[in-house]
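Step one of this worksheet: look at the structure below.
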Amino acid sequence: MALSDFKGRNLVLYFYPRADTPGCTQEAMDFSRLRSAFAKADTEILGVSADPVAAQAKFKGKHKLTVALGSDESKAMLSAYGAWGEKSLYGRKFLGVIRSTFLIDGKGRIAQVWPSVKVAGHAEEVLAAARALVAP
């Protein structure tokens with residue numbers, strides 16, 4: 001799967017830290033729940049993490065997710081979008097995926113960025129922005 005597969009359509013590209021963790025599961029379930037509403041706004045959804053493909057497939061099956069998931073084990077895409085960087089947890093600093101979302105229009109231009117996502121209500125906020133892209 002490549003970003004070029006979505007050419008001509010709007011795309012929600014969201015980066016999440018790790019499959020099958022509470023926040024990432026909720027985010028993926030929220031986007032899956034709203035998938036038909038995004039489709040009506042001519043918008044596809046792709047979630048990307050550094051997890052291996054097998055972990056992504058297990059995550060998708062376990063939670064019956066309907067959104068596409070991509071694996072970036074090399075972290076090249078994550079780095080290119082600024083979604084790989086230093087994080088801290090309980091005073092410990094480490095490198096990891098920074099939860100962030102990009103709304104890309106059908107011409108491949110970034111229309112909106114959410115650089116530091118809080119999961120609650122996020123999918124709904126992105127849906128509103130996607131609808132605004134196709135509003136007459």
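The values are calculated or read from the model by the stated rules, or taken from the named source; none is laboratory data. Quantities reported herein were computed from a predicted structural model and do not represent experimental measurements. Please note: Cβ atoms are built from the backbone with ideal geometry, for glycine as well, and neighbour counts cover all protein chains shown. When the accessible area is computed, the model is the full protein with side chains, heavy atoms only, and any ligands, DNA or RNA have been set aside. Shrake-Rupley method; radii C 1.70, N 1.55, O 1.52, S 1.80 Å.
Inside segment 97-115, can you point out the residues that are within 15 Å of GLN26 (Cα to Cα) and either touching an Asp or Glu at 6+ places or on another chain (Cβ under 6 Å) or surrounded by fewer than 17 Cβ atoms within 10 Å (Cβ to Cβ) (or both)?
Hits for segment 97-115: nothing passes.
Residue check: is ALA50 open to solvent by 60 Å² or more (accessible area, probe 1.4 Å) and either under 19 Å from PRO115 (Cβ atoms) or touching a Lys or Arg at 6+ places or on another chain (Cβ under 7 Å) (or both)?
So ALA50 fails the test.
Show the residue pairs that are 6+ apart or on different chains and have beta-carbon atoms under 8 Å apart, the first residue being within segment 97-116 and free of Cβ contacts under 8 Å to residues at least 60 places away in the same chain, the second being part of a strand (DSSP E or B) and of a type in the set (Phe, Trp, Tyr).
What qualifies is ILE110/PHE102; GLN112/PHE102; VAL113/PHE102; TRP114/PHE102.
Have a look at LYS118, LYS64, LYS60 and point out the one that is open to solvent by 80 Å² or more (accessible area, probe 1.4 Å), modelled with pLDDT of 95 or more and not in a strand (DSSP E or B).
Exactly one of LYS118, LYS64, LYS60 is open to solvent by 80 Å² or more (accessible area, probe 1.4 Å), modelled with pLDDT of 95 or more and not in a strand (DSSP E or B), namely LYS64.
Just the residues that are open to solvent by 10 Å² or more (accessible area, probe 1.4 Å), touching a residue at least 60 places away in the same chain (Cβ under 8 Å) and not in a helix (DSSP H, G or I), please, taken from segment 1-28.
MET1, LYS7, GLY8, ARG9, ASN10, PRO17, ARG18
Any chance segment 123-134 includes a residue that's under 19 Å from PRO22 (Cβ atoms), open to solvent by 70 Å² or more (accessible area, probe 1.4 Å) and among the basic types (Lys, Arg)? So that I can check it myself, show each step before the final result.
Kept after step one, since they are under 19 Å from PRO22 (Cβ atoms), are these residues of segment 123-134: 123-124.
Narrowing further to those that are open to solvent by 70 Å² or more (accessible area, probe 1.4 Å): 124.
Still in the list and also among the basic types (Lys, Arg): none.
The answer is no; no qualifying residue exists.
Could you check PHE31 against (1) in contact (Cβ under 8 Å) with a residue 60 or more places away in the chain; (2) part of a helix (DSSP H, G or I); (3) out of contact with any strand residue (DSSP E or B) (no Cβ under 6 Å at 6 or more places or on another chain) and say which number it fails?
(3)
Have a look at PHE15, PHE59 and point out the one that is in contact with a strand residue (DSSP E or B) (Cβ under 6 Å, 6 or more places away or on another chain) and either at positive phi or among the aromatic types (Phe, Trp, Tyr) (or both).
PHE15
Please find, among VAL67, VAL48, the residue that is of a type in the set (Val, Ile, Thr) and over 13 Å from ARG99 (Cβ atoms).
The conditions single out VAL67.
Where residues in segment 67-93 are of a type in the set (A, V, I, L, M) and open to solvent by 80 Å² or more (accessible area, probe 1.4 Å), which of them is nearest to ALA19 (Cα to Cα)? Can you show your working first?
Initially, segment 67-93 is screened for residues of a type in the set (A, V, I, L, M), giving 67-69, 76-78, 80, 83, 89.
Narrowing the set further to residues that are open to solvent by 80 Å² or more (accessible area, probe 1.4 Å) leaves 80, 89.
Working: ALA80: 21, LEU89: 18 Å.
Out of the qualifying residues, it is LEU89.
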